[in-house]
């Protein structure tokens, strides 16, 4: 079996241009509203040239989703069971907020896929993502049971982190409309530190 030949510099550049253009078009228009003609135009290539690299719109969308899910899962994978619990969880909150700031199009593309019922991402959601979330939820449950953080439902804690951080990317237009020229992210980080800090506090009993 022969190895796939390495890409030339031009091929690598064209593939990167296609993925960047596709990310922009899919994030703005969703899967149904995106067309290969529009993506090829945004990439500065002909449609036949695009089809040399990706045989269909579905294949191109799947390639972006696979890259996105690797990016999205990395911070959760990095949560260290041997680390200090509060620092590990708050580090995850900050990383997810940074990803919303730095990768808003990726977040919106993923949100569009979920709103459509995840027809292309479902195998990853039900397989790799579920396994990873269950693994980290067990770690968080162990921290809570040992009294190292307050009592929490680990799955709902993770869902809350996703909701409160990804909001700033998925609803960026609304956030910017309300806050104007004010950068929302410093205030968001401080607020989320307070919110999740209170959730993770160990309750004190007695006088």
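The values are calculated or read from the model by the stated rules, or taken from the named source; none is laboratory data. Note that the coordinates shown come from a computational prediction; the quantities given were computed from them, not determined experimentally. Neighbour counts are summed over all protein chains in view; Cβ atoms, including those assigned to glycine, are modelled from backbone coordinates with ideal geometry.
Quick notes
- From the list 73, 50, 62, the one residue that fits, being buried (at least 18 other Cβ atoms within 10 Å of the Cβ) and at negative phi, is 50.
- Checked against the criteria, residue 149 counts as in contact (Cβ under 8 Å) with a residue 12 or more places away in the chain, part of a loop (DSSP other than H, G, I, E, B) and under 26 Å from residue 198 (Cβ atoms).
- The stretch 83-97, subset without any contact (Cβ under 8 Å) to a residue 60 or more places away in the chain and in contact with a helix residue (DSSP H, G or I) (Cβ under 9 Å, 6 or more places away or on another chain), residue surrounded by the most Cβ atoms within 10 Å (Cβ to Cβ): 88
- Condition met for residue 29 (surrounded by fewer than 19 Cβ atoms within 10 Å (Cβ to Cβ), at pLDDT 95 or above and either out of contact with any strand residue (DSSP E or B) (no Cβ under 6 Å at 6 or more places or on another chain) or not in a helix (DSSP H, G or I) (or both)): no
- Count of residues meeting criterion [assigned to a helix (DSSP H, G or I) and touching a residue at least 60 places away in the same chain (Cβ under 8 Å)] in the stretch 99-114: 11
- Residue in the stretch 152-165 that is surrounded by 12 or more Cβ atoms within 10 Å (Cβ to Cβ), assigned by TED's automatic domain parsing to the domain that holds residue 93 and either assigned to a loop (DSSP other than H, G, I, E, B) or modelled with pLDDT under 95 (or both) present: yes
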